[in-house]
Amino acid sequence: MTVVLDHFLDTLSLGQPCHLGAVTLVPLERAPDACEVDATLLVDGAARVSELSGSAQVRRIRVESLIDQTLLLLGGDLLRGAKQNRLINTSLLVPAGETLEIPVSCVEQGRWAYRDAEGFQYTGTTAPWELRSRALLRSSRSMRRSGQHDAHQGAVWSDVRHHLRRRRTTSATMNLMDAVDERSREAITAWRPGTSEVGAVMFIDGRLAGLEAFGSRALWGAAADRILRGLCAECNTTTEQPRDAGSLAERFLLRVRETGAQPCEGAGIGEELHGESERTHLVALVAPAEGERPAMLAHLRVARVDTTTAEDPDPRQVDRQQRRRAYAARHAAVGAPTGPYEAFELRQAGLTDRTLNAASEAARRTVGALVHVGGPFLVVPLPRYEQLMIAAVERGYVPPVPHRTGGGLAVWRATEMHHLHCIGHGLEELGLPRRLHWSAHGAHYNPDEVPAWLAVVRNDGQRLALALVN
């Protein structure tokens, strides 16, 4: 199947660069008489997409084709609805009128419940380019290693948090789509690809991002808008452009030709090609031969991504690396009020002794006989928290600082339970077992769920008095 990819690359030529704000496209063109794949993209009405019947799963959903044409699902496409929003882990082809289970990742960590509809709706956009590239690289490596398209759910959630912080977006359910805006909508709606174009080499803020190409002009025409929205989601400027986009694109195409590709069985029909070199990841989908029509390339995506750090077998390590890079300097003071994301962040290595001492004092202060809480709260045994802090500091981190202590307990408060779940997740990443933290909403709790190490000394209907059981 690499012969199919080589033939496709041989038929490509570069057009004139086109600037759409901070996104620059160098068109990839093919001769009008070139043989084209017969497929269509996922749009409203083309398929019925739903959770698995019986017992829904985070990493698998069901796609039932409703058309008499092969359906192409794009890796990185976003789906809204059902129990939580999802990202498709790989490009795949669904035969006409058939049903497949497809691999996905959650991009809405704080929801697992149906809302308005039980099925998924097409969103009209792919995930932000960088997040999409990292997820598809992890999925590609997982496919080559284990035969499963697993984008590492923990790492996807970490990338979602990072993107929400970059866009200064608050989301009650950690929903990636809350950061999808219309800022660059005007720049892309007026643009239409040329009649001979099948894709483009793409630049964001003057930097080479990669390329995306399709086996037909119709597919690129239908996919360009959603891909551009994912590109625009990464823009930090509005007008920055590359100095010599044409030459850069030409050299990049040469690099793509030199990237070796390994064939794998596709998640749908056809085969996949996976390859990577330093800072370059390639994935292609080849449609099978049908009658007199030969096997043809359906979709090609090549991304410039840091392949040395984009994947770690342990998603917790990926999470820590993201947190260290993203932690906001404005929360340098230990114990300072924090936002919904910063509350559970780990501090970057290199903290001063004074800061560490302040953190230790914050954990030990006001240790009275009881601690009183109201509203949403999360509580852990203070001795275990102190042990956790010492072990974490030795590794260069400081655990999330509690809002108050007392009764042998460390307590965090928040306006929403979701924020407390984030704090609990951060503590678990540091090694605190799930059984050693408990969260509830003030006096409204289930007595059967109170852990054995915790005593509810008093409940006045609004506040609780808590103490650690010796």
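The values are calculated or read from the model by the stated rules, or taken from the named source; none is laboratory data. Quantities reported herein were computed from a predicted structural model and do not represent experimental measurements. Counting neighbours? That spans all protein chains shown, and the Cβs are built from the backbone with ideal geometry, glycine included.
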Restricting attention to the range 240-252, does a residue exist that is in a loop (DSSP other than H, G, I, E, B), closer than 26 Å to LEU131 by Cβ and out of contact with any Ser or Thr (no Cβ under 8 Å at 6 or more places or on another chain)?
yes
So ALA310, is it surrounded by 21 or more Cβ atoms within 10 Å (Cβ to Cβ), at pLDDT below 95 and not assigned by TED's automatic domain parsing to the domain that holds VAL104:
yes
Do you know which of the residues in the range 42-56 that are within 24 Å of the chain's Cα centre (by Cα) and assigned to a loop (DSSP other than H, G, I, E, B) is surrounded by the fewest Cβ atoms within 10 Å (Cβ to Cβ)?
SER55
Looking only at residues in the range 446-470 that are modelled with pLDDT under 85 and closer than 24 Å to LEU388 by Cβ, which one is surrounded by the most Cβ atoms within 10 Å (Cβ to Cβ)?
VAL469
The correct count of residues that are under 18 Å from LEU208 (Cβ atoms) and either surrounded by 14 or more Cβ atoms within 10 Å (Cβ to Cβ) or not basic (Lys, Arg) (or both) in the range 234-283 is 31
Determine which single condition LEU427 fails, assuming it passes every other condition in (1) under 26 Å from ASN175 (Cα atoms); (2) out of contact with any Phe, Trp or Tyr (no Cβ under 6 Å at 6 or more places or on another chain); (3) surrounded by fewer than 20 Cβ atoms within 10 Å (Cβ to Cβ); (4) at pLDDT 80 or above.
(3)
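Strands (runs of 3 or more DSSP E) wholly in the range 371-470 with at least 1 residues that are among the aromatic types (Phe, Trp, Tyr) and in contact with a Pro (Cβ under 9 Å, 6 or more places away or on another chain) - which ones?
Details: elements: 371-374, 376-381, 404-406, 409-413, 438-441, 454-459, 463-468.
Correct list: 409-413, 438-441.
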Counting only residues that are farther than 28 Å from ILE67 by Cα, in a helix (DSSP H, G or I) and in contact (Cβ under 8 Å) with a residue 24 or more places away in the chain, the range 8-41 contains a total of 1
Taking the range 58-84 and keeping residues closer than 18 Å to HIS149 by Cβ and in contact with a helix residue (DSSP H, G or I) (Cβ under 8 Å, 6 or more places away or on another chain) leaves VAL58, ARG59, LEU72, LEU74, GLY75, GLY76, ASP77, LEU78
